[in-house]
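The structure appears right after this line, and notes come after that.
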Amino acid sequence: MPANRNALIRYKTIDNCLRNPYRRWTLEDLVDACSDALYEYEGIDKGISKRTVQMDIQMMRSEKLGYNAPIVVYENKYYKYEDPEYSITQTPLNEQDLKTMSEAVEVLRQFKGFSYFTEMSDIINRLEDHVASARMKTTPVIDFEKNESLKFRSALELLKIMDSALATTEQGEEKGEKL
């Protein structure tokens with residue numbers, strides 16, 4: 001397993017911890033939380049060192065990953081975000097990120113017809129919608145998911161089917177039948 005995935009699990013765990021305003025987090029607490037997360041997600045039970053978490057915090061503070069996390073130490077031992085609304089998962093995408101994601105969507109879209117990619121079509125559609133909304137700098141008010149395996153051809157056809165089902169139910173009730 002590449003170390004990158006483990007690092008991402010640790011970053012997300014540290015982020016979740018520091019976003020909790022009801023708990024004071026020491027370095028030891030963060031080490032324990034990261035060790036627990038790695039065991040839960042990857043089955044790694046050897047734990048991690050303090051130095052690893054310290055390096056993760058430094059990496060999250062830096063521009064290298066684009067997080068620039070405002071992690072501060074208070075009372076010489078507790079960690080928290082200076083901005084209580086901050087999260088690494090809320091980091092906006094830059095133009096290069098959007099370009100790369102668009103290219104990835106284009107590549108994935110080429111595999112839509114293949115049988116081993118049928119489960120992926122839903123994910124590709126959501127990713128495509130996310131890239132489009134990020135480019136337009138809007139957030140979707142209503143998230144319409146596309147379902148490639150939907151059997152109805154249009155909303156009108158669906159309404160007709162629902163109407164006939166409702167009429168059948170009403171006819172059954174008029175005759176005194178229980179459905």
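Please treat every number below as a calculation from the coordinates, not as lab data. The structure presented is a predicted model; accordingly, all values stated were derived computationally and were not measured. All Cβ positions, glycine included, derive from the backbone under ideal geometry; neighbour counts span all protein chains shown.
Which trypsin sites (Lys or Arg not before Pro) does region 44-92 hold that lie in a coil by DSSP with at most 13 other beta carbons within 10 Å?
Numbers: sites: K46, K50, R51, R61, K64, K77, K80; in loops: K46, K64, K77.
Answer in residue order: K46, K64, K77.
From most to least packed by mean Cβ count within 10 Å, the peptides 118-128, 87-97 give 118-128, 87-97. What the phi angles of region 51-63 give under the Karplus curve with 6.51, -1.76 and 1.60, with θ = phi - 60°, is a coupling list of 4, 4, 5, 4, 5, 4, 5, 4, 5, 5, 6, 7, 8 Hz, glycine and proline written as x. Provide the gained length on full extension for the span S115 to R23, in nm with one decimal, where the gain is 0.36 nm per separating residue minus the Cα-Cα distance. Gain in length upon complete extension: 28.3 nm.
Which values, in whole Å and largest first, are the semi-axes of the equivalent ellipsoid of region 4-94 obtained as the square root of 5 times each eigenvalue of the Cα gyration tensor?
Working: eigenvalues 76, 54, 27 Å².
One finds semi-axes of 19, 16, 12 Å for region 4-94.
Taking every pair of Cα atoms in region 65-108, average 1/r, invert it to obtain the Kirkwood radius, and report Rg/Rh to two decimals. Rg divided by Rh gives 1.23.
Computed from the Cβ-Cβ distance with R0 of 25 Å, the FRET efficiency linking E40 to D129 stands at 0.25.
Output the pairs from K50/K99; K64/K112; K64/K99; K50/K80; K12/K46; K12/K77 with a Cα-Cα distance over 25 Å in this structure; if there are none, say none. Write down the numbers at each step before the final one.
Details: K50/K99 37 Å; K64/K112 34 Å; K64/K99 19 Å; K50/K80 17 Å; K12/K46 19 Å; K12/K77 21 Å.
Correct reply: K50/K99; K64/K112.
Magnitude of the Cβ-charge dipole of region 46-103, K/R +1 and D/E -1, about the Cα centre, nearest 20 debye?
That gives a dipole near 500 debye.
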